[in-house]
1. Between LEU143, LEU182, LEU162, LEU172, which is open to solvent by less than 10 Å² (accessible area, probe 1.4 Å) and in contact (Cβ under 8 Å) with a residue 60 or more places away in the chain?
2. Go through segment 44-83 and count every residue that is touching a Leu at 6+ places or on another chain (Cβ under 9 Å) and part of a helix (DSSP H, G or I).
3. Restricting to segment 94-123, and then to whatever is touching a helix residue (DSSP H, G or I) at 6+ places or on another chain (Cβ under 7 Å) and of a type in the set (Val, Ile, Thr), can you tell me which residue is surrounded by the fewest Cβ atoms within 10 Å (Cβ to Cβ)?
4. Listed residues THR53, THR91; which is polar (S, T, N, Q) and in contact with a helix residue (DSSP H, G or I) (Cβ under 7 Å, 6 or more places away or on another chain)?
5. List pairs: first residue in segment 12-32 and surrounded by 15 or more Cβ atoms within 10 Å (Cβ to Cβ), second residue of a type outside the set (A, V, I, L, M, F, W, C) anywhere in the structure, Cβ distance under 6 angstrom, at least six positions apart or on different chains.
6. Could you give me the residue pairs with C-beta distances under 7 Å whose first residue belongs to segment 107-126 and is modelled with pLDDT of 90 or more, whose second residue is part of a loop (DSSP other than H, G, I, E, B) and of a type in the set (D, E, K, R) wherever it lies, and which are 6+ apart or on separate chains?
Amino acid sequence: MNEKPLSALETIIDALRTLPGIGPKSAQRIAYHLMQNDQEGAQRLGRSLLHATQALKHCERCNTFTEHNICELCSNERRDPTLLCVVEMPTDQIMLEQTLIYCGLYFVLMGRLSPLNGIGPCEIHFSRLISRATDNIVSEVILATNFTNEGEATAHYLSQMLKDRDLTVTRLARGVPIGSELEYVDAGTIARAVLDRRSV
């Protein structure tokens, strides 16, 4: 028996539910608000999402989102190319930039190791990271993964692999609370963690 197709409103609600932290009730409230009070905003949101999915790609050097082959930060000649900071997500990179304390370059994993969810080294672009870190320019790799169980496991795995290639590997200091994600930590705390990073 064929399932009844979703109505236009149900399609919006179903799409909104894919966002982190948005449950069925929140998705329903947002959908009704857009349709009732802000149809122009809904159209703008739809156009911007469509444009982003068509225009954005991954930077060839750091793997973050960009509209160009090489992102603006990687193209900045004032950055220190000997320092490479590894973060989980672009939001973590943004938080580190807001500290104004770090002047090196980045590699964005776009995730973290999570075997139970089928996320292994390939899914976090491990081979690209190794290639980037062993370019004979990088001298220190700073592991800035989150202080969650999965983030710690990712940092441990990466540190072993990178140290085997004679790289200096450091980890953010514990100024960042255990169990926290960089996106939600204040810039001052992150700055202290960068300054107090340690060997692993």
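The values are calculated or read from the model by the stated rules, or taken from the named source; none is laboratory data. Just so it is clear, the structure is predicted and the values come from calculations on it, not from any experiment. Quick reminder, even Gly has a Cβ in these numbers, built from the backbone with ideal geometry, and neighbours come from all protein chains shown. The area values use the complete protein model at the heavy-atom level, side chains included, leaving out ligands, DNA and RNA. Shrake-Rupley method; radii C 1.70, N 1.55, O 1.52, S 1.80 Å.
1. Details: LEU143 fails: in contact (Cβ under 8 Å) with a residue 60 or more places away in the chain; LEU162 fails: in contact (Cβ under 8 Å) with a residue 60 or more places away in the chain; LEU172 fails: in contact (Cβ under 8 Å) with a residue 60 or more places away in the chain.
After applying the criteria, what remains is LEU182.
2. 1
3. Here the answer is ILE101.
4. On the way: THR53 fails: in contact with a helix residue (DSSP H, G or I) (Cβ under 7 Å, 6 or more places away or on another chain).
Result of the check over THR53, THR91: THR91.
5. Listed by first residue and then by second, the contacts come to ILE13/GLN28; ALA27/ARG17.
6. LEU109/GLU88; GLY111/GLU88; GLY111/GLU123; ARG112/GLU88
Okay, residues lined up against (1) closer than 25 Å to SER127 by Cα; (2) surrounded by 12 or more Cβ atoms within 10 Å (Cβ to Cβ):
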| position | (1), (2) |
| --- | --- |
| GLY41 | no, no |
| LEU45 | no, yes |
| LEU49 | no, no |
| CYS62 | yes, yes |
| PHE65 | yes, yes |
| ILE70 | yes, yes |
